[in-house]
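The values are calculated or read from the model by the stated rules, or taken from the named source; none is laboratory data. Small disclaimer: the values here were computed from a predicted structure and weren't measured. Ideal geometry is used to build each Cβ from the backbone, glycine not excepted, and the neighbour counts take in all protein chains shown. Calculation scope for accessible area: heavy atoms of the full protein, side chains included, ligands and nucleic acids excluded. Shrake-Rupley method; radii C 1.70, N 1.55, O 1.52, S 1.80 Å.
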Amino acid sequence: MAERIITLLIVDDHPVVRDGLRGMFASDPGFHVLGEAGGGAEGVELALRLDPDVVLMDLRMPAGSGVEAIAELTRRGARAKVLVLTTYDTDSDTIPAIEAGATGYLLKDAPREELFTAVRATADGRTVLSPAVASRLVSAVRKPAAPAGQALSAREREVLELVAKGTSNREIARELFISEATVKTHLTHLYAKLGVKDRAAAVAVAYDRGVLG
């Protein structure tokens, strides 16, 4: 069976960066760049028209910010997953981008193979966070440690370990021989116990508290 070709849209206000990324992905037959945009507003328009698998999104751009573009794509139900690729890793950048609907967040100094792996994971809907961003996210969502009575159950820990590996709900259900509805119930319970709202934050907090490691 032929490997799936992942389609991409590059959104960055620097032409040199766009050219570099296009050339990089052109070197691998597993990727196909459908187009480029120099700002958030144009990026939204092209993403809706070209329907790529993944949008590589910069954040700070004069012609419409990346966070605004991510929020608009989420609001309009775009199929494309968004992988933020930026030089900024401050709280004011990372948290709004994740909350707006970004699937992953990577810094531009990431090695080529790490970027390729992140794009493939993003296309599959798996959360991708650079270590620096994960640390920022931990700081932003950190809560006091859960009381003893709020410790994760053995099954919740199993689910969380699979989430940390980027496993989808369907794959978790198959792996643990339970229904997807049951997986979602376990996630809801462990989110509450960890004091978080989503998969990325759950993994980050779990590593910080030593639940995973």
Segment 20-53: number of residues that are in a helix (DSSP H, G or I) and either more than 19 Å from Thr86 (Cα to Cα) or free of Cβ contacts under 8 Å to residues at least 12 places away in the same chain (or both): 8
Can you list the helices (runs of 4 or more DSSP H) found entirely within segment 88-186 that contain at least 2 residues being within 21 Å of Arg22 (Cα to Cα) and modelled with pLDDT of 90 or more? 112-123
Residue count, segment 20-42 (criterion: open to solvent by 50 Å² or more (accessible area, probe 1.4 Å), farther than 17 Å from Met57 by Cβ and modelled with pLDDT under 95): 3
For Thr74, indicate whether it is assigned to a helix (DSSP H, G or I), of a type in the set (Ser, Thr, Tyr) and open to solvent by less than 40 Å² (accessible area, probe 1.4 Å). no
